[in-house]
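The structure under discussion appears below in the form of structure tokens.
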Amino acid sequence: MASGFLTLISFFTRIPVGRKIMYSEENFKKSLSLYTLMGAVIGLILALIYMVFANIRITFVRGLVLTMAYVAVTGGIHLDGATDTSDGLFSGRTGDRVFEIMSDSHIGAFGVICLVMILLSQFVFFSYADMSACMMMPVVGRASLTASCYNKKYAKKTKGMGTLFVESMTLQVVAANMAILAALIIVLPNSAVLAAACFASLVSAVFISGWVEGRIGGMTGDTCGFVTEMTQIIFMILVLFLKG
């Protein structure tokens, strides 16, 4: 499990793990129960940066630094998926043409719009939210993804990096990730606000993935990134709204 968790860190972040990780499908599948915990690692880094800039008078500086830090730590992996998905799903095309657009290395107009919206949302959120909310943002995004992939199939005919992830989301894996999410909510300040925002985000993720499934017949690695980033935006908005 520990080796699998390090594999998750090496796959989905740019955090150095200190040694060469030997990939194993079995270890990867087992480690998916800790996928939300990986989000907590990212969140902890954001929380530490927040503490450094906690007393700065111009909060937009903190927002900018945290936004850049999130992109740097994650390597923009979900941002890339979100932009590709936006280009494909909003292109007006159907069938395999959607997958061709999503696989194109060039970014289109809808991808640019999506990227700007995500980064701007993060900038505003990190500028005004407290440390607990900043830490929970990547946690909620990853917990929501596990819920949204449950009982879904991989949409593409050819197998990709997201195949094992999507098709390994069993009820047990989702339950383990929800337990991690609940534990973090309980120990952090403003638990009521975080719990309400998390619940609504989880529901939103399921609806978004259902819409994606209706369009392309399932989930892919790119759509996983799309669900993660969209859910995080929903969480951000709800936290700021509920706190007033």
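Within segment 194-205, is there a residue that is touching a Cys at 6+ places or on another chain (Cβ under 7 Å) and more than 21 Å from Gln122 (Cβ to Cβ)?
No; the residues of segment 194-205 include none that is touching a Cys at 6+ places or on another chain (Cβ under 7 Å) and more than 21 Å from Gln122 (Cβ to Cβ).
Could you pull out the residue among Ile237, Ile180 that is touching a residue at least 12 places away in the same chain (Cβ under 8 Å), out of contact with any Leu (no Cβ under 6 Å at 6 or more places or on another chain) and on the phi < 0 side of the Ramachandran plot? Before the answer, list the steps.
On the way: Ile180 fails: out of contact with any Leu (no Cβ under 6 Å at 6 or more places or on another chain).
Criteria check complete, one pass: Ile237.
Tell me which residues, restricted to segment 156-168, are of a type in the set (A, V, I, L, M) and either surrounded by fewer than 22 Cβ atoms within 10 Å (Cβ to Cβ) or free of Cβ contacts under 8 Å to residues at least 12 places away in the same chain (or both). Show your work before the answer.
First, pick out the residues of segment 156-168 that are of a type in the set (A, V, I, L, M): 161, 164, 166.
Within segment 156-168, Met161, Leu164 qualify.
Has segment 109-126 got at least one residue that is among the small types (Gly, Ala, Ser), surrounded by fewer than 15 Cβ atoms within 10 Å (Cβ to Cβ) and modelled with pLDDT under 95?
Restricting attention to segment 109-126, the residues satisfying the condition of being among the small types (Gly, Ala, Ser) are 109, 111, 121.
Of the ones still in play, those that are also surrounded by fewer than 15 Cβ atoms within 10 Å (Cβ to Cβ) are 109.
Right, trim to modelled with pLDDT under 95 and you get 109.
Yes, segment 109-126 contains a residue that is among the small types (Gly, Ala, Ser), surrounded by fewer than 15 Cβ atoms within 10 Å (Cβ to Cβ) and modelled with pLDDT under 95.
Given Ala195, Ala200, which one is more than 17 Å from the chain's Cα centre (by Cα) and among the small types (Gly, Ala, Ser)? Can you show your working first?
Details: Ala200 fails: more than 17 Å from the chain's Cα centre (by Cα).
Just a single option satisfies the conditions, and that option is Ala195.
Looking at Ala179, Ala195, Ala133, Ala183, which one is surrounded by 23 or more Cβ atoms within 10 Å (Cβ to Cβ) and aliphatic (A, V, I, L, M)?
None of the other options fit; the residue is Ala133.
When segment 51-98 is examined, which residues are found to be within 21 Å of Cys224 (Cβ to Cβ) and either touching a strand residue (DSSP E or B) at 6+ places or on another chain (Cβ under 6 Å) or among the aromatic types (Phe, Trp, Tyr) (or both)?
Tyr70, Phe90
Every residue, every condition in (1) buried (at least 21 other Cβ atoms within 10 Å of the Cβ); (2) modelled with pLDDT of 95 or more; (3) touching a Gly at 6+ places or on another chain (Cβ under 6 Å), yes or no:
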position	(1), (2), (3)
Thr36	yes, yes, no
Ile42	yes, yes, no
Asn55	no, no, no
Val61	no, yes, no
Val71	no, yes, no
Gly75	no, no, no
Asp80	no, no, no
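Looking at segment 86-117, which of its residues are closer than 28 Å to Thr7 by Cβ and outside any helix (DSSP H, G or I)?
The answer is Ser105, and nothing else.
Looking at segment 118-153, which of the residues that are in a helix (DSSP H, G or I), more than 15 Å from the chain's Cα centre (by Cα) and among the hydrophobic types (A, V, I, L, M, F, W, C) is nearest to Leu202 (Cα to Cα)? Talk me through it step by step, then tell me what you get.
From segment 118-153, those in a helix (DSSP H, G or I) are 118-128, 131-149; that's our starting set.
Now drop any that are not more than 15 Å from the chain's Cα centre (by Cα), which leaves 120, 123-128, 131-132.
Going one step further and asking which of them are among the hydrophobic types (A, V, I, L, M, F, W, C), we end up with 120, 123-126, 131.
Numbers: Leu120: 22, Phe123: 22, Val124: 22, Phe125: 19, Phe126: 21, Met131: 21 Å.
This residue is Phe125.
The values are calculated or read from the model by the stated rules, or taken from the named source; none is laboratory data. Predicted, not measured: the structure shown is a model, and the values here were computed from it. Cβ atoms come from the backbone with ideal geometry, glycine included; neighbour counts cover every protein chain shown.
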